[in-house]
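Take a look at the structure below.
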Amino acid sequence: HDVISRLRRIFGTRRVGHAGTLDPMATGVLPLLLGHATRAVSLLPDHTKSYRARFVLGIATDTQDITGTVLQERGVTVSLRDIEALLPRFTGSILQVPPMVSAVKHKGQRLYDLARQGITVEREARPVTIHALGVRPVDAGKHVYEMDVTCSAGTYVRTLAADIGDALGCGAALTSLRRTR
């Protein structure tokens, strides 16, 4: 919303919209539409997005990223090969449960508003598509990895990292997120 407010002032128009929100800790591409173009967001040809994200293994937080409260710390005994062996399981059409810190609505309220009140609700898994997924070590000694993800709209990369950490038995939390496309 800060970006939209700034562009409203720069271009002298109230009609500014975006094609997909960015996570508060995210940087990178944010497609914007001005004036009458705001009506054309549904006509954009491709809702596929790409991200570069870093995550650390061995911790789980309430927000699935490093800004949250640590819920659990576990020892990490996995290797890059172990992670790579899991990637096919998280590639293609998968079901993903939206995190509590998301803009998804539950009975008219945004999940992140409920989370701020300390309320957790059941969320239904939603179908998303992971078109491409690759991982490489950044600092294997500290269990920090980077992944490149190309995915459908509606995919939560923080949840993807947390799910990979859960599948490895050690947990994971996102440390940075950049939308590259």
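Looking at segment 1-41, which trypsin sites (Lys or Arg not before Pro) are DSSP coil and have at most 10 other C-beta atoms within 10 Å of their C-beta?
14
Considering the chain as a Gaussian network with a 10 Å cut-off on Cα pairs, which listed residue, 139, 65, 148, attains the greatest mean-square fluctuation?
139
Would you tell me the accessible area of residue 66, worked out with a 1.4 angstrom probe on the heavy atoms of the protein chains, in Å² to the nearest 10?
Accessible area, nearest 10 Å²: 80 Å².
Shape verdict for segment 1-65, please, from the Cα gyration tensor: rounded (a/c under 1.5), prolate (a/b greater than b/c) or oblate.
prolate
Starting from the 7 Å offset along Cα-to-Cβ, what nm value, one decimal, do you get for the label separation of residue 40 and residue 117?
Those two pseudo-labels are separated by 4.0 nm.
Kindly work out what percent of the DSSP beta bridges joining two residues of the chain are antiparallel, to the nearest 5.
Within the chain, antiparallel bridges account for around 90 percent of the total.
If one takes the longest principal axis of the Cα atoms in the chain, at what angle in degrees, from 0 to 90 and to the nearest 10, does the Cα axis of helix 157-168 lie?
Once rounded, one gets 10 degrees.
Using the heavy atoms of the protein chains and a 1.4 angstrom probe, tell me the accessible area per residue for segment 1-53 in square angstrom.
Result: 69 Å² per residue.
Once a ≥ b ≥ c are taken as the square roots of the eigenvalues of the Cα gyration tensor of the chain, is the result rounded (a/c under 1.5), prolate (a/b larger than b/c) or oblate (a/b not larger than b/c)?
Prolate.
Starting from 0.36 nm per residue, how many nanometres of slack lie between residue 21 and residue 81 once their C-alpha separation is accounted for?
Full extension from residue 21 to residue 81 adds 18.3 nm.
Among rounded, prolate and oblate, which fits segment 33-134 when a ≥ b ≥ c are the square roots of the eigenvalues of its C-alpha gyration tensor, a/c under 1.5 means rounded, and a/b larger than b/c means prolate?
oblate
Is it possible to state the helix-based mean residue ellipticity at 222 nm for the chain, with each DSSP H run of 4+ residues giving -39500 (n - 2.57), the sum divided by total residues, to the nearest 500 deg cm²/dmol? What is it?
Helices in the chain give a 222 nm mean residue ellipticity of -5500 deg cm²/dmol.
Enumerate the residues in segment 139-156 having an amide nitrogen under 20 Å from the point lying 7 Å beyond the Cα of residue 129 toward its Cβ.
Answer for this model: 148-156.
Leaving ligands, DNA and RNA out of it, report the carbon-plus-sulfur percent of the accessible area of the chain at a 1.4 Å probe.
Carbon with sulfur: 51 percent of the solvent-accessible area.
Between beta-carbons, use under 10 Å as the cut-off and find the net charge around residue 102, counting Lys and Arg +1, Asp and Glu -1.
It works out to a net charge of +3.
Please calculate the 1.4 Å probe accessible area of residue 178, with all protein chains present, and give it to the nearest 10 Å².
Taking all protein chains as shown, residue 178 has close to 120 Å².
The values are calculated or read from the model by the stated rules, or taken from the named source; none is laboratory data. Quantities reported herein were computed from a predicted structural model and do not represent experimental measurements. Every residue, glycine as well, gets a Cβ built from its backbone with ideal geometry; the counts of neighbours run over all protein chains shown. Protein only, heavy atoms only, side chains kept; ligands, DNA and RNA dropped before computing areas. Shrake-Rupley method; radii C 1.70, N 1.55, O 1.52, S 1.80 Å.
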